[in-house]
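Encoded as structure tokens, the structure appears first; notes follow it.
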């Protein structure tokens, strides 16, 4: 096949203002990715656009398997909230409670570019 470029699971992008830190989620344009390494602003980095990741979540929310998960870029946490400014990033693949200490959720990134709600 002459027009195939790459599988798209890992993308090379340009780090935004403030740079990126490995393991953290960023929305570049409308593409949610988890950085695979640290990079300074304006420098190319690789980000995983699909896969399952443990991400910071709102502690007061319980998640069920399959719940739609959105990203709040302002606070850097995943949420089931669907208010303005949240970016759809994928679905929960593990149930998690709503206790104050339950601040990590397992999310499957959908690999699809999204626009803010």
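Checked against (1) at pLDDT 95 or above; (2) within 18 Å of residue 107 (Cβ to Cβ); (3) in a loop (DSSP other than H, G, I, E, B), residue 17 passes all but a single condition, namely (2). Among the residues of the range 48-57, is there at least one that is free of Cβ contacts under 8 Å to residues at least 40 places away in the same chain and either surrounded by fewer than 16 Cβ atoms within 10 Å (Cβ to Cβ) or at negative phi (or both)? There is no residue in the range 48-57 that is free of Cβ contacts under 8 Å to residues at least 40 places away in the same chain and either surrounded by fewer than 16 Cβ atoms within 10 Å (Cβ to Cβ) or at negative phi (or both). Here 52, 27, 34 are screened, and the one residue that is under 30 Å from residue 102 (Cβ atoms), in a strand (DSSP E or B) and at pLDDT below 95 is 27. Residues of the range 69-97 that are in contact (Cβ under 8 Å) with a residue 24 or more places away in the chain and over 12 Å from the mean Cα position of the chain (by Cα): 82, 83, 84, 85, 93, 94, 95, 96, 97. Going by what's in this entry, would residue 100 be described as touching a residue at least 12 places away in the same chain (Cβ under 8 Å), out of contact with any helix residue (DSSP H, G or I) (no Cβ under 8 Å at 6 or more places or on another chain), over 25 Å from residue 6 (Cα atoms) and not in a loop (DSSP other than H, G, I, E, B)? Taking the combined requirement at face value, the residue does not satisfy it. In the set (1) at pLDDT below 90; (2) buried (at least 18 other Cβ atoms within 10 Å of the Cβ), residue 5 fails one condition alone, (2).
Being in a loop (DSSP other than H, G, I, E, B) and within 15 Å of residue 106 (Cβ to Cβ) is the filter here; which residues of the range 60-90 pass it? Correct list: 61, 62, 64, 65, 66, 67, 80.
The values are calculated or read from the model by the stated rules, or taken from the named source; none is laboratory data. All of these numbers come straight from a predicted model, not from anything done at the bench. All Cβ positions, glycine included, derive from the backbone under ideal geometry; neighbour counts span all protein chains shown.
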